[in-house]
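Enquirer: Next up is a structure, given as structure tokens.
Here, each number is a calculation from the coordinates, and none is a lab measurement. Please read all numbers here as calculations on a predicted model, not as lab measurements. Here the Cβ positions follow ideal geometry from the backbone for every residue, glycine too, while neighbour counts run over all protein chains shown.
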Amino acid sequence: MAYTVKKLLESNQFPDMKLVAGKKSLDQEIKGIRIIEIEDMERYLTGGELLLTNMKVYSEKRTESFGNI
């Protein structure tokens, strides 16, 4: 059985973790993990990765800016 974004969030392993984009893909399998702290980080993603970031490079943007991702 695949480990999905939804399962990770429901596990409460990281209680402070917040999903800021990708709500439509909660059932997507996590195939890898990327830790990236640069602007335009999406260009380094190939699909299926869980992106871990503190979002400091985007500190001037509002969370709502990521709603369409």
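Enquirer: If each residue of separation counts as 0.36 nm, what is the full-extension length gain between GLU29 and LEU50 once their alpha-carbon separation is subtracted? List each step's numbers first, then the result.
Expert: Values: separation 21, 0.36 × 21 = 7.56 nm, distance 0.93 nm.
That works out to 6.6 nm of additional length.
Enquirer: Okay, moving on. How many percent of the alpha carbon pairs in the chain exceed a separation of 16 Å?
Expert: 51
Enquirer: Another question, then. Please list, by residue number, every one of the chymotrypsin sites (Phe, Trp or Tyr not before Pro) in the stretch 1-66 that is coil in DSSP and has at most 13 other beta-carbon atoms within 10 Å. Provide the component values of the computation, followed by the final result.
Expert: On the way: sites: TYR3, TYR44, TYR58, PHE66; in loops: TYR3.
In loop regions of the stretch 1-66 (DSSP not H, G, I, E or B), the sparsely surrounded chymotrypsin sites (Phe, Trp or Tyr not before Pro) are TYR3.
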